[in-house]
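Peer 1: Please read through the structure below; I'll follow up with questions.
Read-outs throughout are calculated quantities, based only on the coordinates presented, and are distinct from any laboratory measurement. No experiment lies behind these values; they were computed from the predicted model shown. Virtual Cβ from ideal backbone geometry, glycine too; neighbours counted across all protein chains shown.
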Ligand code: ADP
Ligand code: ASP
Ligand code: MG
């Protein structure tokens, strides 16, 4: 029998009507003769509200308690959806991440999945039930509740789809698919009908919120077919599949323009230009679980250099404190942070064989009078760090320049 994992994001289960609409869709899928595993996010802005509440209660938020708090949102959605399904005569059982067998490491607030022991999910399916799993959470090897990082209900869904060998993992959200740019910023962005895992991964890595980064990685590594689509219109969305010959032939040079305003830039000044210093600097950050993204080292002048890199804004304090504590050991002068930056990226598998994309990107930004701070590239992506207030203008101009409208 066909097995489908269906994941519903926060807006998709935002109120009672939405939950009933989701239940109706799950019931239809069952009636079409498919097995369904459902993964849900917290309702609407519940997670944000819980995080705000925590900061109103205390300036000290032990990570274990933070996880206990924010994991509650998803739990509410599971029980409500099961009730809505019961009313439609569909047998369903709710599961927390722990009950669903999502086992993680002990790094609270951004735990990594180390194992999926989906025995109870399989049993529920065999009993003819619809398992409804709380996304975004797991249980650590120390038996504490953990969460997997913002947006990580996608990851729960993809991990379960991989382990259960699902035919497809459907990601239901508030847009009709993955677009050539965030449709909220570029109204004439177009829906991409099909993407390769590599392109999706680059879009997520560049900050395209529509699919959480680690879930894109997981889908690529385990070849889980994804279908990103709308829970409002239910129309076909974007398929994310293995790249095949037909895709290569029709490959666009640039597929999408993506932006990310969730990062900050850290600059370490007066770093001695000798072997081992950069290694020590980035080990310090790794020890604090700070994810470093782009890194740029300037040419050295009189034996010292500046190193700049970007980190998620939520990690700025950890990064600055970490580096400050090691300035003497590193022999560096100082460390500064800048939260007023954003990244704009152009992505396309066709870039590999088409020169000139970089030139067009830089010319377009120049024409808009937008200054480029840092530049980084992969084989199918070019990213520029610009001022945050310029980023939406940059996205629109690049979307036009590469004729994606
Ligand atoms: P959910 O709560 O369903 O997980 P998210 O807010 O995480 O939804 O992701 C959906 C949002 O991603 C959309 O509302 C859209 O604004 C944003 N987005 C950013 N880039 C893109 C893109 N390239 N294509 C589609 N949506 C995008
Ligand atoms: N509710 C969590 C968040 O807001 C997880 C998710 O929505 O995927 O980050
Ligand atoms: Mg999301």
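Peer 1: Translational diffusion coefficient, Stokes-Einstein: compute it for the stretch 85-212 using the Kirkwood radius over C-alpha pairs as Rh, at 25 °C and 0.890 mPa s, and state it as an integer in µm² s⁻¹.
Peer 2: Estimated diffusion coefficient is 151 µm²/s.
Peer 1: A further question follows. What length, rounded to one decimal in nm, is gained on full extension from residue 302 through to residue 117, with 0.36 nm per residue of separation minus their alpha-carbon distance?
Peer 2: Extra length from residue 302 to residue 117 when fully extended: 61.0 nm.
Peer 1: Right, here's the next one. What shape does the chain take by its C-alpha gyration tensor, where a ≥ b ≥ c are the square roots of the eigenvalues and a/c under 1.5 counts as rounded, a/b above b/c as prolate, and the rest as oblate?
Peer 2: Note, shape of the chain comes out oblate.
Peer 1: Please give the residues of the stretch 321-345, grouped as numeric ranges, whose backbone N is less than 20 Å from a label point set 7 Å along the Cα-to-Cβ vector of residue 280.
Peer 2: Label zone hits: 321-336.
Peer 1: Can you pull the Rg over Rh of the stretch 226-371, Cα-only, Kirkwood?
Peer 2: 1.09
Peer 1: Let me ask you something else. Could you tell me which of rounded, prolate or oblate describes the stretch 1-133, using a ≥ b ≥ c as the square roots of the eigenvalues of the alpha-carbon gyration tensor, with rounded for a/c under 1.5 and, failing that, prolate when a/b is larger than b/c and oblate otherwise?
Peer 2: Cα axes put the stretch 1-133 in the oblate bin.
Peer 1: Give the separation of the Cα centroids, the stretch 189-245 to the stretch 55-109, in Å.
Peer 2: 25
Peer 1: So, one more: What's the center-to-center distance, using Cα atoms, between the stretch 123-183 and the stretch 387-403 in Å?
Peer 2: 32
Peer 1: Based on other C-beta atoms within 10 Å, arrange 354, 25 from fewest to most.
Peer 2: Arranged by neighbour count, lowest to highest, 354, 25 become 354, 25.
Peer 1: What does the extension gain come out to for residue 221 and residue 56, with contour length at 0.36 nm per residue minus their alpha carbon separation?
Peer 2: Result for the pair: 55.4 nm of gain on full extension.
Peer 1: Quick one: among 231, 308, 59, which has the greatest mean-square fluctuation in a GNM of the chain with alpha-carbon springs under 10 angstrom?
Peer 2: Taking springs between Cα atoms under 10 Å, the residue moving most is 59.
Peer 1: Shifting gears a bit: Order of 82, 169, 384 from fewest to most other C-beta atoms within 10 Å?
Peer 2: 82, 384, 169
Peer 1: If we count other beta carbons within 10 Å of each Cβ, what is the order of 368, 170, fewest first?
Peer 2: Lowest to highest Cβ neighbour count: 368, 170.
Peer 1: So how much slack lies between residue 190 and residue 262, counting 0.36 nm per residue of separation and subtracting their Cα-Cα distance, in nm?
Peer 2: Result: 23.5 nm gained on full extension.
Peer 1: Rounded if a/c is under 1.5, else prolate if a/b beats b/c, else oblate: with a ≥ b ≥ c from the C-alpha gyration tensor eigenvalues square-rooted, which is the stretch 113-171?
Peer 2: Oblate, because a/c is 1.5 or more while a/b does not exceed b/c.
Peer 1: Using a Gaussian network model of the chain with C-alpha springs under 10 Å, which one of 56, 339, 392 is most mobile by mean-square fluctuation?
Peer 2: Largest GNM mean-square fluctuation: 56.
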